[in-house]
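Throughout, read-outs are computed from the coordinates displayed, never taken from laboratory work. As the structure is a computational prediction, the values presented were derived from the model and not from experiment.
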Amino acid sequence: MDTPKSSTMMYAATAVAGALVLALILPGVALLGTTAATTDSIGPHGYVVLSARHADGSEFYHEESHNLITDAGKDFISAQIGSTTPGSNGANYIALTNTAITPAAGDTTLSGEINANGLARAQGTYAHTNGQSTFTVTKTFTATASQSAQAAGLFTASSSGTMMAENTFTAVSLSNGDQLTITWTITLS
């Protein structure tokens, strides 16, 4: 026996409406008995902006790139958020190197870290707007002699400490008086 077209369309419309209602009532739950999944995810990631200027203020270098959050950095973030004894300082020290490196999740130090010529590790300025998922750490280094740099690390202390993130960039050569500004943006979602 043939079902009239209007009856078939009514059954189809009812099935679609039922599926939509179920989807609205149970967001994040898959159909057919599979395990529920959350729709929220937190994954820290960083973005680095570098700008180099001559002593007269003219920009001669600009680069933007994503960085790597190290395993130690993920542990540090977890401790800061959930531990009963978080670290006494955030990750707001920036270090530079002129050593060609390949960032790796297991890195804990910045190979060949520069300790002279105005480019030694230094504390940057932390900024965050309440309600936002990002914070920045910015530092302007002023070269006191000729020096090149091609990688940076974000640390929790003026020496040693935890390297939370690292980044490589095209090598930039600075002359005495040139400035290199690094802005590290960390996003927590």
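Couplings for the stretch 64-75, taken from phi via the Karplus curve 6.51 cos²θ - 1.76 cosθ + 1.60 with θ = phi - 60°, read 10, 7, 7, 10, 10, 7, 6, 4, 5, x, 5, 5 Hz in order; Gly and Pro are left as x.
Available extension along the chain between Thr129 and Ser173 is 12.5 nm, counting 0.36 nm per residue and deducting the alpha carbon span.
Once you compute Rg and the Kirkwood Rh from C-alpha atoms, what is the Rg to Rh ratio for the stretch 91-179? Write down the numbers at each step before the final one.
On the way: Rg = 13.3 Å, Rh = 13.5 Å.
Here Rg/Rh amounts to 0.98.
Across the stretch 52-59, computed HN-Hα scalar couplings (Karplus, 6.51 cos²θ - 1.76 cosθ + 1.60, θ = phi - 60°) run 10, 10, 6, 4, 7, x, 6, 6 Hz from first to last residue, x flagging Gly and Pro.
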